[in-house]
1. So, L106, is that one aliphatic (A, V, I, L, M) and not in a helix (DSSP H, G or I) or not?
2. Take V79 and tell me if it is touching a residue at least 40 places away in the same chain (Cβ under 8 Å) and either closer than 24 Å to G18 by Cβ or out of contact with any Phe, Trp or Tyr (no Cβ under 7 Å at 6 or more places or on another chain) (or both).
3. Let me confirm something: among E77, E70, which residue is touching a Pro at 6+ places or on another chain (Cβ under 8 Å) and surrounded by fewer than 20 Cβ atoms within 10 Å (Cβ to Cβ)?
4. Could you tell me which of the residues A249, A245, A289, A304 is out of contact with any Phe, Trp or Tyr (no Cβ under 9 Å at 6 or more places or on another chain), among the hydrophobic types (A, V, I, L, M, F, W, C), under 30 Å from T368 (Cβ atoms) and at pLDDT 90 or above?
5. Determine which member of the set G139, G123, G152, G116 is at negative phi and surrounded by fewer than 19 Cβ atoms within 10 Å (Cβ to Cβ).
6. When the range 216-262 is examined, which residues are found to be more than 18 Å from the chain's Cα centre (by Cα), of a type outside the set (D, E) and surrounded by 18 or more Cβ atoms within 10 Å (Cβ to Cβ)?
7. Filter the range 287-324 down to the residues that are touching a residue at least 60 places away in the same chain (Cβ under 8 Å) and closer than 12 Å to S251 by Cβ, then identify the one that is surrounded by the fewest Cβ atoms within 10 Å (Cβ to Cβ).
8. Looking only at the range 265-286, filter to residues that are under 29 Å from F49 (Cβ atoms) and loosely packed, with under 15 Cβ neighbours inside 10 Å; which one of those is modelled with the lowest pLDDT?
Amino acid sequence: MKLRSSWPLSELAFVWGGNILSKVMMFFATIYLANRLEVEGFGIFSTAFAVTNYISLALFTGLDSLTTRESAKLSPETVWPFAKELFHVRRKLANLAVILTALIALYMGKESRDAGFALILFGLGFIPLQFYTVNLFYGLEWSWPIAAYFVGGRLVYLALLFILVKGSSNLMAAAGAFTAAIAIENIFLFLCLFLRYGKISDRSRPAPKINIRPVLLLTLASALILLHENAPQFLIFFLKGEEEAGLYASSFRLIYTAVTFANLGGFVFLARFSKETGEGTYKRSLLPALVLGLLFAVAGYFFAELIYSFLFSQSYAGGALVLKAGIFQMALVPLRVLAWQRVIAKEKVKSALLPLILGVLFSIGISTYMICATGAVGAARGLFCGEAAITALMLILAK
């Protein structure tokens, strides 16, 4: 059994196709939930989801990157010992995530009992995350489990939503469906890994050790960027309540779904940016990213009312104004992502940390001010202003 040295194009397309299909299904799941839970329930759901999503990405991003890099060097006999070491490290992070989620749930429960309970249900999803091995499979270049994870997990989630969530009283069922899907898809990954590599492991060889120190700085920087993206959702929930949080969430999910499709190829440039010719590749990438983002943004701005009337129920009246207020983030986020990859490739993350902290503080500050002034519309405007500042900083640092 040999490990390949590079992804065949057909398998790379298979993985990307599964990823794209997964995002399409999540988009439909979001629209379904928004209309079944109504604006207040969706506001609670989205805020609780944002908390757990932030904790997950902030804690695991660095380890996931390290997993892909290190697993690419493994022989088949050392895959399972490495996986057991990985599970041990992830278990510690998962326990920390559960504790953090429980503490935040206690605080949120003071404002909204439903939000506290929903967050606890979401937090239970961290337990099966200790068996998450998608990044290990990326390093091993084992494509079909990755695609099955993306597609199968979302199919399970959609099926559970259609069965369990019929109206605004099913908020807890919606949160439980997400956690159940997380458990099923990660158990599936664990079984795939064990059945292929568990029986051929060489127990006489020491398990490779995972040193997470080299990625702690990158993890901190990623956590700051994620805080900038998610802070308005938290702020508007606590400052303006569930209804405004639901209106904002409907707009935010639309924008960032579109950003995902506009920037599907963005992360594949990281390796190229790291080479001697990376600067030229980086500069050539900026204009297409800007043009594509602008096209999405302009279309979204002029068709905002039509989008909302087609996708959302009457309870989201006024959401089109929120979408228009933040839609031009779509022209900025792809530039910021490319510039950030260039910063990583040039090993300038440490020098970028202080400017990034200042940019995130500005983003949170302007979002707070605008939310207090105009609610959901202000949240969208505040995030756009913060995005403009952080994108400008990234472009300067990437030079």
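1. Taking the combined requirement at face value, the residue does not satisfy it.
2. The answer is yes for V79.
3. Step by step, each of E77, E70 is checked, and only E70 is touching a Pro at 6+ places or on another chain (Cβ under 8 Å) and surrounded by fewer than 20 Cβ atoms within 10 Å (Cβ to Cβ).
4. A304
5. Only one candidate passes the filter, namely G152.
6. L235, I236, F237, K240, A245, G246, L247, listed by residue number.
7. Among them, the one singled out is G318.
8. The residue in question is F267.
The values are calculated or read from the model by the stated rules, or taken from the named source; none is laboratory data. What you are looking at is a predicted structure, and each value in this text was computed from that prediction instead of being measured. In this analysis, Cβ positions are derived from the backbone assuming ideal geometry, glycine residues included, and neighbour counts consider all displayed protein chains.
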